[in-house]
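**Student:** A single structure is presented below for examination.
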Amino acid sequence: MGAPTAPGPVNSTTARTLESHVPDPETHLCVVRLVPARPSWQCAGCGEPWPCQVRRDRLLSEYADDRTTLGSYLGLQLADALSDLPRQPASDLHARFLGWRRPT
């Protein structure tokens, strides 16, 4: 069973409205979605700062052939996080959201 992905184009609104638990269409079992719980930006699945290591690995796999879109998606998430976490240094959030990506 592969990791679930967001329906249609991913933008900050789509990511914000995704539920943290959804039924897998093949198994009908509840699958934890590793989406941010806002406004804290903790992973709704594991409670670690989003994107957690599991989510990072899944994002790298999901966007393996399109790292530009991955960067755009993470940039949108960063913009939302900057609004939700105004006391967090922007450089820290940048490192958290974009600094972990592996070079292509």
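The values are calculated or read from the model by the stated rules, or taken from the named source; none is laboratory data. Computed from a prediction, not measured in an experiment: that's the story for all the values here. Don't worry about glycine lacking a Cβ; one is built from the backbone with ideal geometry, like all the others, and counts go over all protein chains shown.
**Student:** Please go through region 47-69 and give me each residue that is over 15 Å from L34 (Cβ atoms) and of a type outside the set (A, V, I, L, M, F, W, C), ordered by number.
**Tutor:** D65, D66, R67, T68, T69
**Student:** Additional query: If a residue must be assigned to a loop (DSSP other than H, G, I, E, B), closer than 17 Å to W100 by Cβ and over 10 Å from the mean Cα position of the chain (by Cα), how many such residues does region 31-65 contain?
**Tutor:** Here the count works out to 4.
**Student:** Something else now. Scan region 81-104 for residues that are of a type in the set (F, W, Y) and at pLDDT 95 or above and jot them down.
**Tutor:** Once the filter is applied, which keeps residues that are of a type in the set (F, W, Y) and at pLDDT 95 or above, region 81-104 yields only F97.
**Student:** On the basis of being out of contact with any helix residue (DSSP H, G or I) (no Cβ under 7 Å at 6 or more places or on another chain), of a type in the set (D, E, K, R) and not in a loop (DSSP other than H, G, I, E, B), does R87 make the cut?
**Tutor:** Working: out of contact with any helix residue (DSSP H, G or I) (no Cβ under 7 Å at 6 or more places or on another chain): yes; of a type in the set (D, E, K, R): yes; not in a loop (DSSP other than H, G, I, E, B): no.
No; evaluated as a whole, the condition is false for this residue.
**Student:** Taking the condition within 14 Å of F97 (Cβ to Cβ), at pLDDT 95 or above and hydrophobic (A, V, I, L, M, F, W, C), does L78 pass?
**Tutor:** Working: within 14 Å of F97 (Cβ to Cβ): yes; at pLDDT 95 or above: yes; hydrophobic (A, V, I, L, M, F, W, C): yes.
Spelling it out, L78 is indeed within 14 Å of F97 (Cβ to Cβ), at pLDDT 95 or above and hydrophobic (A, V, I, L, M, F, W, C).
**Student:** Report, by residue number, each residue of region 32-49 that is at pLDDT below 95 and either among the aromatic types (F, W, Y) or surrounded by 18 or more Cβ atoms within 10 Å (Cβ to Cβ) (or both).
**Tutor:** Correct list: R33, L34, V35, P36, C43, A44, G45.
**Student:** Further, regarding this structure: Can you tell me which residue in region 70-88 is surrounded by the fewest Cβ atoms within 10 Å (Cβ to Cβ), limited to those that are over 14 Å from the mean Cα position of the chain (by Cα) and either over 19 Å from A37 (Cα atoms) or in contact (Cβ under 8 Å) with a residue 40 or more places away in the chain (or both)?
**Tutor:** If we take residues in region 70-88 being over 14 Å from the mean Cα position of the chain (by Cα) and either over 19 Å from A37 (Cα atoms) or in contact (Cβ under 8 Å) with a residue 40 or more places away in the chain (or both), then D84 is surrounded by the fewest Cβ atoms within 10 Å (Cβ to Cβ).
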